[in-house]
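Enquirer: The structure's right below; bear with me while I get my questions together.
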Amino acid sequence: GQQVMQIPQYQHVQEGEDFTTYCNSSTTLSNIQWYKQRPGGHPVFLIQLVKSGEVKKQKRLTFQFGEAKKNSSLHITATQTTDVGTYFCARGPNAGGTSYGKLTFGQGTILTVHP
Amino acid sequence: SQTIHQWPATLVQPVGSPLSLECTVEGTSNPNLYWYRQAAGRGLQLLFYSVGIGQISSEVPQNLSASRPQDRQFILSSKKLLLSDSGFYLCAWGRTGNQPQHFGDGTRLSIL
């Protein structure tokens, strides 16, 4: 249906290592959004991808949208302790679908960074 | 600019007591409004969303209800809280269903 599967559930890295989280759907996505939630905080919107094959960068963060618009990834280069938190992907409703008006969030990837 | 206010930040309630959490948005009109619950270390569970005054969509059967008495006000309520109602409650707004959502600071609810 409208679910998105996000992997891995947890990721522990040493500071300076890279990190990637993946978001997959069995159906075509109209768009994909990424959010970050710091420990104890609320989710904060990072970026939205709409076009097939789209790649966007925010400093050390690289966001990709698959050619078939069924998957997306968030890659962090050279992680820092400030990157800790939970990263969520979220899919928007497809036109004519029953999920009008809402996003469907993945379960999130919890990132811990060891200094 | 738009802001979202959610209160209280923390709440401790006895089992069986009522609940009322309020969320208000400023700086925009006719927003989509959302209530989520998040268990510790877990994902976001959508509880209710509203695309307009008096319009409430419930996502999961539960002990909670929501109301939207004004355009920029969203209220989460319960007549009798259960232990399972504990969690982190987040209010959010978005311009449409496809647009980014902006979250309030959340309410940590503990049921004793």
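The values are calculated or read from the model by the stated rules, or taken from the named source; none is laboratory data. These figures come from a predicted structure and were not determined experimentally. Here Cβ is always computed from backbone atoms with ideal geometry, including for glycine, and neighbour counts include all displayed protein chains.
Enquirer: Please return the ranges of strands (runs of 3 or more DSSP E) entirely within the stretch A:20-93 where 1 or more residues are without any contact (Cβ under 8 Å) to a residue 40 or more places away in the chain, of a type outside the set (D, E, K, R) and crowded, with 19+ Cβ neighbours inside 10 Å.
Expert: A:43-49, A:61-65
Enquirer: Please verify whether A:Gly101 is modelled with pLDDT under 95 and small (Gly, Ala, Ser), treating the condition exactly as stated.
Expert: yes
Enquirer: Looking at the structure I just gave you, is A:Val13 in contact (Cβ under 8 Å) with a residue 60 or more places away in the chain and surrounded by 18 or more Cβ atoms within 10 Å (Cβ to Cβ)?
Expert: Numbers: in contact (Cβ under 8 Å) with a residue 60 or more places away in the chain: yes; surrounded by 18 or more Cβ atoms within 10 Å (Cβ to Cβ): no.
Considered against the rule, which asks whether it is in contact (Cβ under 8 Å) with a residue 60 or more places away in the chain and surrounded by 18 or more Cβ atoms within 10 Å (Cβ to Cβ), A:Val13 comes out as no.
Enquirer: Among (1) within 15 Å of the chain's Cα centre (by Cα); (2) not in a loop (DSSP other than H, G, I, E, B), which single condition is A:Val13 missing?
Expert: Only one criterion is unmet by A:Val13, namely (1).
Enquirer: Could you tell me which residue of the stretch B:52-84 is surrounded by the most Cβ atoms within 10 Å (Cβ to Cβ), considering only residues that are in contact (Cβ under 8 Å) with a residue 24 or more places away in the chain and part of a strand (DSSP E or B)?
Expert: So the residue we want is B:Phe74.
Enquirer: Follow-up. Determine which single condition B:Asp105 fails, assuming it passes every other condition in (1) in contact (Cβ under 8 Å) with a residue 40 or more places away in the chain; (2) of a type in the set (D, E, K, R); (3) assigned to a strand (DSSP E or B).
Expert: The one condition B:Asp105 does not meet is (3).
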